[in-house]
1. Here's a check for you: in segment 44-83, which residue that is under 10 Å from the mean Cα position of the chain (by Cα) and among the hydroxyl-bearing types (S, T, Y) is modelled with the lowest pLDDT?
2. Would you tally the residues in segment 20-34 being without any contact (Cβ under 8 Å) to a residue 60 or more places away in the chain and either among the hydrophobic types (A, V, I, L, M, F, W, C) or touching a strand residue (DSSP E or B) at 6+ places or on another chain (Cβ under 8 Å) (or both)?
3. Restricting segment 9-38 to residues that are outside any loop (DSSP other than H, G, I, E, B) and among the charged types (D, E, K, R), which is nearest to S106 (Cα to Cα)?
4. Starting from residues that are assigned to a helix (DSSP H, G or I) and either touching a Ser or Thr at 6+ places or on another chain (Cβ under 8 Å) or among the aliphatic types (A, V, I, L, M) (or both), keep the ones in segment 142-164 and report whichever is surrounded by the most Cβ atoms within 10 Å (Cβ to Cβ).
5. Going by the conditions given, is E156 acidic (D, E), closer than 15 Å to C62 by Cβ and in contact (Cβ under 8 Å) with a residue 24 or more places away in the chain?
6. Output the number of the condition that L67 fails; it satisfies all remaining conditions of (1) exposed (fewer than 15 other Cβ atoms within 10 Å of the Cβ); (2) within 26 Å of D13 (Cβ to Cβ).
7. For residues in segment 128-141 being surrounded by fewer than 18 Cβ atoms within 10 Å (Cβ to Cβ) and hydroxyl-bearing (S, T, Y), which is nearest to I18 (Cα to Cα)?
8. Please determine, by comparing only the residues of segment 74-97 that are out of contact with any strand residue (DSSP E or B) (no Cβ under 9 Å at 6 or more places or on another chain) and surrounded by fewer than 16 Cβ atoms within 10 Å (Cβ to Cβ), which one is nearest to K144 (Cα to Cα).
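The values are calculated or read from the model by the stated rules, or taken from the named source; none is laboratory data. Nothing here was measured: the structure is a model prediction, and the numbers come from that model. All Cβ positions, glycine included, derive from the backbone under ideal geometry; neighbour counts span all protein chains shown.
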Amino acid sequence: MNINPTGKERYFDAADIIVSKTNLKGHITYINKTFMDISGFDESDLLDKPHSIIRHPDMPRCVFKLLWDTLAGGHEIFAYVKNMCKNGDHYWVLAHVTPSFDTNHSVCGYHSTRRVPDQKIVKDTIIPLYDHLLTEEGKHSNRKEGLRHSYDALQEIIQQKGTDYARFIFSLQS
């Protein structure tokens, strides 16, 4: 699916929660009505498709590397994410992604709930941070090198704040 960004932001109510579930490869196995209402996609557009189908090109790849690395370690993660709607509009979320476990306590998939983020945090902190990381990615013609350098830049920023990623995200909420 080739979607071009419109630059138009969509908003949703603070009481709304977007929910999706994926298998271990990140293919969507469940979406709730709120997800469909906000994104403009329906189940037939998304089920069994990679969750990256809604990835906005303004999202640094290193954020997703951090997300997948954290989940692979069996841990939850919170992240600010800019998602793409079916028509090219976008919406920001504060995502909480957790591994799902089967009865043998093995990771069998992932569960994500997304809420309305604080727009001031998005505007003042997240957008400048992500712009910086995207610029770092863009300095390298090799995508793997760009990812590595932007990931290193993100880690350096977090270390300079004397914290880890989870505490950095939570510190923004205060």
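1. Among residues in segment 44-83 that are under 10 Å from the mean Cα position of the chain (by Cα) and among the hydroxyl-bearing types (S, T, Y), the one modelled with the lowest pLDDT is S52.
2. Filtering segment 20-34 for residues without any contact (Cβ under 8 Å) to a residue 60 or more places away in the chain gives 25, 27-28, 30-34.
With the extra rule that they be either among the hydrophobic types (A, V, I, L, M, F, W, C) or touching a strand residue (DSSP E or B) at 6+ places or on another chain (Cβ under 8 Å) (or both), the set shrinks to 25, 27-28, 30-32, 34.
Qualifying residue count for the region: 7.
3. We begin by selecting, within segment 9-38, every residue outside any loop (DSSP other than H, G, I, E, B); these are 9, 18-22, 27-31, 33-38.
When the remaining residues are screened for being among the charged types (D, E, K, R), the result is 9, 21, 33, 37.
On the way: E9: 38, K21: 16, K33: 28, D37: 32 Å.
Filtering first and then ranking leaves K21.
4. So, considering only residues that are assigned to a helix (DSSP H, G or I) and either touching a Ser or Thr at 6+ places or on another chain (Cβ under 8 Å) or among the aliphatic types (A, V, I, L, M) (or both), the one surrounded by the most Cβ atoms within 10 Å (Cβ to Cβ) is L154.
5. It is false that E156 is acidic (D, E), closer than 15 Å to C62 by Cβ and in contact (Cβ under 8 Å) with a residue 24 or more places away in the chain.
6. Single failed check for L67: (1).
7. Ranking the qualifying residues of segment 128-141, first place goes to T135.
8. Of all residues in segment 74-97, those out of contact with any strand residue (DSSP E or B) (no Cβ under 9 Å at 6 or more places or on another chain) come to 86-88.
Cutting the leftovers down to surrounded by fewer than 16 Cβ atoms within 10 Å (Cβ to Cβ) gives us 87-88.
Values: N87: 29, G88: 26 Å.
Ranking the qualifying residues of segment 74-97, first place goes to G88.
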